[in-house]
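Beneath this line is the structure, given in structure tokens, with notes to follow.
The values are calculated or read from the model by the stated rules, or taken from the named source; none is laboratory data. All of these numbers come straight from a predicted model, not from anything done at the bench. Virtual Cβ from ideal backbone geometry, glycine too; neighbours counted across all protein chains shown. In case anyone asks, the SASA skips ligands and DNA or RNA and just uses the protein heavy atoms, side chains included. Shrake-Rupley method; radii C 1.70, N 1.55, O 1.52, S 1.80 Å.
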Amino acid sequence: KINMKHMKIKLIISTGLTLLFFCFFMLPACSNRNKGYSPVSSVEKYRELRNQKLNKPRAVIHNNDGCDVIYFPMNEKYTVKNLMDKRTAGLTGTDVSTISFCPTASGFGNYTHHTKVGEVLLRHGFEFGIRPDTRNITAEMIADGTDPLQANVEFARANGFEIFWSNRMNDTHDAAHRKDKPYYLWTKFKENNPQYLFGEIGERLPHGRWSSVDFEHQEVRDLCVQFFKEVCTNYDVDGVELDFLRHFELFKTVARGEFATQEQLDMLTDMVRQIRKVTEEEGMKRGNPILVLIRVPTSPEYAKKAGVDIERWIDEGLVDIIVGSCYFRLDFWENFAKLGKDKDVKIYAGLSESRVRE
């Protein structure tokens, strides 16, 4: 803990693509490790249990971007233990209480866990000239009767960690895709639905990447909700993470220079409201509350102009944990922390290496 005037700050560590450590600090405003939980019959009782879970100590959250799976050493034998040893096993005995695992999620619905709603990423980077000394072990894990998310869930349960599923809401690494030079994170969904993208292949936009999906389309929002429903139904997670900062591109009109309209803000709020409903319905069935974490910019004003109404989501009780910052930070932590004053949310500060050059 670090004392900073009247704030207590708690650390969250995140491993990223380059194996650098990214840190989140909790600003003031866990885990149900008992496998014997029972279904909850009333919404009121469920929300009471969820609030108890939210208020349990959660000193350090470790976010793993899942690249330990898609860049596994070429010459190393795959076992679940060997995978866990890369980034996860070393968390045992530390102040980490929560693991937030991202099964890649690049390209919108491109996952390394079992999915029928999205697409299972089975391609290797080396097939496209990327990291030739590594391979994607997703297929090997599925053949072994598991997958990366399930392996992390089981590790968490066996070692006393809380486990979240982290979903990158609009990851645009696939902007490298070209017709004459395909990129391995490119999806069939985007190939078959160019009308949902921000622009034409390779097009340069003022404030976004051409390969982003446009959340103004109902079909995109509905599909996103289904991603969350599938995971909450099939995996025993303690929470879900909506990572809006990988990448913060939501509407094509904003990418082309406009501000988000009230209608667009309402669209995204309704989508988050549906995701919250999914977590409640599935959490009640198994009696293990599912928390909702969002990762957003530290300036509510900036976020709102891009399409995310943080304060409304707090007031409507749609989110439990709010992490601010990723590639950049727009306000002092003291000001960001005020978002949680007298509210039933936990406010975290996220420290990553800056992507703002010069």
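Just want the answer: with Cβ charges of +1 for Lys and Arg and -1 for Asp and Glu, which residue in L49, V356, G145 is farthest toward the dipole's positive end in the chain?
L49
Which peptide among 123-130, 184-191 comes first, and what is the full order, when sorted by highest mean count of other Cβ atoms within 10 Å?
Ranked by mean Cβ neighbours within 10 Å, highest first: 184-191, 123-130.
Could you work out the pair-distance distribution P(r) of segment 204-358 from its alpha-carbon pairs, with 10 angstrom bin width and percents rounded to whole numbers?
10, 39, 37, 13, 1, 0
Working from the pairwise distances between different alpha carbons, so that the mean of 1/r is found and then inverted, what is the chain's Kirkwood radius in Å?
About 20.7 Å, per the Kirkwood formula over Cα pairs.
Within the set of other residues whose C-beta is less than 12 Å from the C-beta of K116, count the net charge using Lys and Arg as +1 and Asp and Glu as -1.
Local charge sum for K116: -1.
Mind checking the dipole of the chain: about its Cα centre, +1 per Lys or Arg Cβ, -1 per Asp or Glu Cβ, Debye to the nearest 20?
Rounded to the nearest 20 debye, it is 820 debye.
Please give the residues of segment 265-280, grouped as numeric ranges, whose backbone N is less than 20 Å from a label point set 7 Å along the Cα-to-Cβ vector of E311.
The answer is 265-270, 272-273, whose backbone nitrogens lie closer than 20 Å to the label point.
Read phi for every residue in segment 213-226 and hand back ³J(HN,Hα) as whole Hz from Karplus 6.51 cos²θ - 1.76 cosθ + 1.60, θ = phi - 60°, with x for Gly and Pro.
Karplus values, whole Hz, x for Gly and Pro: 8, 9, 6, 6, 7, 4, 4, 5, 5, 4, 5, 4, 4, 5.
At what distance in angstrom do the alpha carbon centres of segment 125-198 and segment 82-110 lie from each other?
Going from one Cα centre to the other spans 14 Å.
Can you give the extra length, in nm with one decimal, that the chain gains between L122 and A59 once fully stretched, where that is 0.36 nm per residue apart less the Cα-Cα distance? Please list the in-between numbers first.
Details: separation 63, 0.36 × 63 = 22.68 nm, distance 3.48 nm.
That pair, L122 and A59, stretches by 19.2 nm at full extension.
Calculated from DSSP H runs of 4 or more alone, at -39500 (n - 2.57) each and per residue, what is the 222 nm mean residue ellipticity of the chain, nearest 500?
Rounded to the nearest 500, the figure is -9000 deg cm²/dmol.
Roughly speaking, to the nearest percent, how much of the chain's 1.4 Å accessible area is carbon and sulfur?
51 percent
Please tell me which of these pairs span more than 20 angstrom C-alpha to C-alpha: K252/K304; K229/K277; K252/K346; K229/K343; K179/K252; K53/K343?
In this structure, K252/K346; K229/K343; K179/K252 lie more than 20 Å apart at Cα.
Set Lys and Arg Cβ to +1 and Asp and Glu Cβ to -1, take the dipole of segment 178-287 about its Cα centre, and tell me which of N234, T253, Q195 lies farthest positive.
It is Q195, whose Cα lies furthest towards the positive end.
Relative to the present Cα-Cα distance, how much length would full extension add between R178 and D266 at 0.36 nm per residue of separation?
Here the segment from R178 to D266 would lengthen by 28.3 nm.
Residue by residue, what Karplus-based ³J(HN,Hα) values in Hz, rounded to whole numbers, does segment 323-329 have, using 6.51, -1.76 and 1.60 with θ = phi - 60° and x for Gly and Pro?
9, x, 5, 7, 6, 8, 10
In what sequence, highest mean first, do 70-83, 202-215 appear when ranked by Cβ atoms within 10 angstrom?
Packing proxy ranking, top to bottom: 202-215, 70-83.
Dipole of the chain (Lys/Arg Cβ +1, Asp/Glu Cβ -1, origin at the Cα centre): which of F126, L339, C102 lies farthest to the positive side?
Ranked along the dipole, the leading option is L339.
Using 1/(1 + (r/R0)^6) with R0 = 41 angstrom and r between the beta carbons of V43 and R204, what's the FRET efficiency to the nearest 0.05?
Values: r = 48 Å, r/R0 = 1.16.
With a Förster radius of 41 Å, E is 0.30.
Taking the Cα centre of segment 39-145 as origin, sum charge times position over the Cβ atoms of Lys and Arg (+1) and Asp and Glu (-1), and report the length of that vector in debye to the nearest 20.
On the way: 14 positive and 12 negative charges, 83 e Å.
With Lys and Arg at +1 and Asp and Glu at -1, about 400 debye.
Relative contact order of segment 271-325, please, whole-number percent, based on alpha carbon pairs below 8 angstrom and at least 6 residues apart.
Answer for segment 271-325 is 40 percent.
How far is it, in nm, from the label point at K81 to the one at E281 when both lie 7 Å from their Cα along the line to the Cβ?
Spacing of the two 7 Å Cα→Cβ label points: 4.2 nm.
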